Amino acid sequence: MNVRTGLDRLAGRETRIKGRVAYLCHNASIDSRCREGLAVVQELFGPRLAAVFSPQHGLFSDAQDNMIESDHFVHPHFKIPVFSLYSETRAPTDEMLDGIEHVIVDLQDAGCRAYTFMYTMTLMMEACGRRDIEVIVLDRPNPIGGIEVEGAVLDMDFASFIGRHPMPMRHGMTIGEIARMANEHWGISCPLKVVEMEGWQRAMYFGETGLPWAFPSPNMPHLDTALVFPGTVVLEGTNLSEGRGSTRPFELFGYPALRPHACFSQITDVFKDVPLEGFALRPLYFQPTFDKHAGHTCGGFQLHVTDRQRFKPWHTGQFLLRALYEVM
């Protein structure tokens, strides 16, 4: 049986939701038949749908670069105001929430602490808690499974918008579970309901759900990207390209002066004495079209996941970072 998301299960529950509604969504907010979530919600609530909110990368997930803010606008088709929560503000203002009685949250997370959509959700929850607005989270699968957890829990002295809550890098939770955790354990108190999935099991990777994959952000185009992301996203903080500007972001990484064939043995030697499996490294050259080293040919590697059950992205990324430091 295919998985049904919270959005799939919202129909039939809309009569219990009274008053004006806002919808926090993005490009990946689709149902199991690939219908746009905004169209589904507008059909269910009609003129009661009063506002739309969008996270980082915008409503259409079209803001390509990593830290580009999006503007507010009126949707060209639905004629509804769209408020960007990656703009001059990261949280909704009182004016944006004026007259709203329910906020429906429908965001596809990537399973990694550094992915910001969960923080947009919890900031929305905080704002709604202050105004006694009900938050309804439509649950979606964690694309890299709900069992494996990797990485240290965030030291809150280093909290930021890419790490706002005490959780490990690969957290193993769904967006609905994160909402409940925030409400019950992280000091956020808002009226909360989670519309749970049907048919999802913790051991499932997204490819086993039967659901269509729509990229939640421009540089999360494939399920393979989500698999490697908790390990290679740390390269954003280095002078290496993490593959942005290529067709395989976070799977490709490199630097213009790096000679991958010459250092391949030194890189792979790092993994000889550690129990990390399920991947292969391939030396190559690529040229980013934007972001770091745009227009310059970079020597580097592609990280291929050969066995997702055995692959440990965060641990693999930590050893890769050490190996790359030693050869640079």
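The values are calculated or read from the model by the stated rules, or taken from the named source; none is laboratory data. Note that the coordinates shown come from a computational prediction; the quantities given were computed from them, not determined experimentally. A quick note on method: Cβ atoms are made from the backbone with ideal geometry, for glycine too, and the neighbour counts reach across all protein chains shown.
Tabulated values for the structure
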{"quantity": "Residue among SER217, SER189 that alone is in contact with a Ser or Thr (Cβ under 6 Å, 6 or more places away or on another chain) and among the polar types (S, T, N, Q)", "calculated": "SER217"}
{"quantity": "Top-ranked residue of region 226-267 - restricted to ones that are polar (S, T, N, Q) and free of Cβ contacts under 8 Å to residues at least 40 places away in the same chain, ranked as farthest from GLN64 (Cα to Cα)", "calculated": "SER265"}
{"quantity": "Selection count, region 189-245, where residues are more than 23 Å from ILE178 (Cα to Cα), under 19 Å from the mean Cα position of the chain (by Cα), among the aliphatic types (A, V, I, L, M) and assigned to a loop (DSSP other than H, G, I, E, B)", "calculated": "0"}
{"quantity": "The one condition in (1) part of a loop (DSSP other than H, G, I, E, B); (2) more than 26 Å from the chain's Cα centre (by Cα); (3) buried (at least 16 other Cβ atoms within 10 Å of the Cβ) that ALA257 fails to fulfil", "calculated": "(3)"}
{"quantity": "Any chance GLY299 is of a type outside the set (D, E, K, R), assigned to a loop (DSSP other than H, G, I, E, B) and touching a Pro at 6+ places or on another chain (Cβ under 7 Å)", "calculated": "no"}
{"quantity": "Number of positions in region 305-319 that are crowded, with 16+ Cβ neighbours inside 10 Å and either within 14 Å of ALA280 (Cα to Cα) or not aromatic (Phe, Trp, Tyr) (or both)", "calculated": "10"}
{"quantity": "Flag if HIS185 is in the same structural domain as VAL103 (by TED's automatic domain parsing) and surrounded by fewer than 19 Cβ atoms within 10 Å (Cβ to Cβ)", "calculated": "yes"}
{"quantity": "Conditions (1) loosely packed, with under 15 Cβ neighbours inside 10 Å; (2) under 28 Å from ILE17 (Cβ atoms); number of the one not met by PHE158", "calculated": "(2)"}
{"quantity": "Within region 24-77, considering residues that are of a type in the set (Phe, Trp, Tyr) and more than 19 Å from GLY176 (Cβ to Cβ), the one surrounded by the most Cβ atoms within 10 Å (Cβ to Cβ)", "calculated": "PHE45"}
{"quantity": "Every residue from region 127-186 that is aliphatic (A, V, I, L, M) and outside any loop (DSSP other than H, G, I, E, B)", "calculated": "ALA127, VAL135, ILE136, VAL137, LEU138, MET156, ILE175, ILE178, ALA179, MET181, ALA182"}
{"quantity": "Selection status of THR316, in a helix (DSSP H, G or I) and not assigned by TED's automatic domain parsing to the domain that holds ALA152", "calculated": "yes"}
{"quantity": "GLY151 vs. criteria in contact with a strand residue (DSSP E or B) (Cβ under 7 Å, 6 or more places away or on another chain) and either assigned by TED's automatic domain parsing to the domain that holds LEU44 or of a type in the set (Lys, Arg) (or both)", "calculated": "yes"}
{"quantity": "Where a residue in region 95-107 is assigned by TED's automatic domain parsing to the domain that holds PRO143 and closer than 15 Å to GLY37 by Cβ and its partner, wherever it lies, is hydroxyl-bearing (Ser, Thr, Tyr) and crowded, with 21+ Cβ neighbours inside 10 Å, with Cβ under 6 Å and at least six apart", "calculated": "ILE104/TYR23; ASP106/SER29"}
{"quantity": "Unique match (being closer than 23 Å to GLY6 by Cβ, within 16 Å of the chain's Cα centre (by Cα) and in contact (Cβ under 8 Å) with a residue 12 or more places away in the chain) among PHE117, PHE83", "calculated": "PHE117"}
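Okay, residues lined up against (1) touching a residue at least 12 places away in the same chain (Cβ under 8 Å); (2) among the charged types (D, E, K, R); (3) closer than 24 Å to VAL305 by Cβ:
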residue	(1), (2), (3)
VAL135	yes, no, no
ALA152	yes, no, yes
PRO166	yes, no, no
MET173	yes, no, yes
VAL194	yes, no, no
ARG202	yes, yes, yes
